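Let me begin by presenting the structure, written as structure tokens, before commenting on it.
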Amino acid sequence: MAEITITETAQRRSTARILDVREDFEVAEAMIPGALHIPVGQLQARLSELDPAVPIIAVCRSGNRSARVADALNHAGFSADTMAGGMIAWTRAGLPTT
């Protein structure tokens, strides 16, 4: 698993699947446009929603949960990175949200 910057994430949005692993109440505040929301606790049951052929960038509030998720996804046969700084860094940088 690699930790990538918010700039790299923004550049890869069209070629990678952004996976937001935060809880519902966190996602209600802001989300990266086009991201797929699967809370950490639901990930195992919803793996079929992810395409193993498409790289994944896992996102959470600060980068801690998404790092664990990216590791788990890599062990499950996906290619996954985590976004450093999470949504805190994304929103502070003024990048787009829904």
_Which count do you get for residues in the range 6-63 that are open to solvent by 70 Å² or more (accessible area, probe 1.4 Å) and over 16 Å from P96 (Cβ atoms)?_
16
*Within the range 58-76, identify whether any single residue is in contact with a helix residue (DSSP H, G or I) (Cβ under 8 Å, 6 or more places away or on another chain) and closer than 13 Å to A10 by Cα, and answer yes or no.*
yes
*Do any residues in the range 6-27 that are touching a residue at least 12 places away in the same chain (Cβ under 8 Å) have Cβ atoms under 8 Å from those of residues that are small (G, A, S) and open to solvent by 40 Å² or more (accessible area, probe 1.4 Å), where the two are at least six apart or on different chains, and which pairs are they?*
I6/A93; R13/G34; I18/G34
*Between residues in the range 55-68 that are on the phi > 0 side of the Ramachandran plot and residues that are part of a helix (DSSP H, G or I), which pairs lie under 6 Å by C-beta distance while being six or more apart or on different chains?*
G63/G86
*How many residues does the range 88-98 hold that are open to solvent by 10 Å² or more (accessible area, probe 1.4 Å), under 21 Å from S14 (Cβ atoms) and not small (G, A, S)?*
5
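The values are calculated or read from the model by the stated rules, or taken from the named source; none is laboratory data. This is a predicted model, so every value here is computed, not measured. Please note: Cβ atoms are built from the backbone with ideal geometry, for glycine as well, and neighbour counts cover all protein chains shown. Quick note on the areas: whole protein, heavy atoms, side chains included, nothing else; ligands and nucleic acids left out. Shrake-Rupley method; radii C 1.70, N 1.55, O 1.52, S 1.80 Å.
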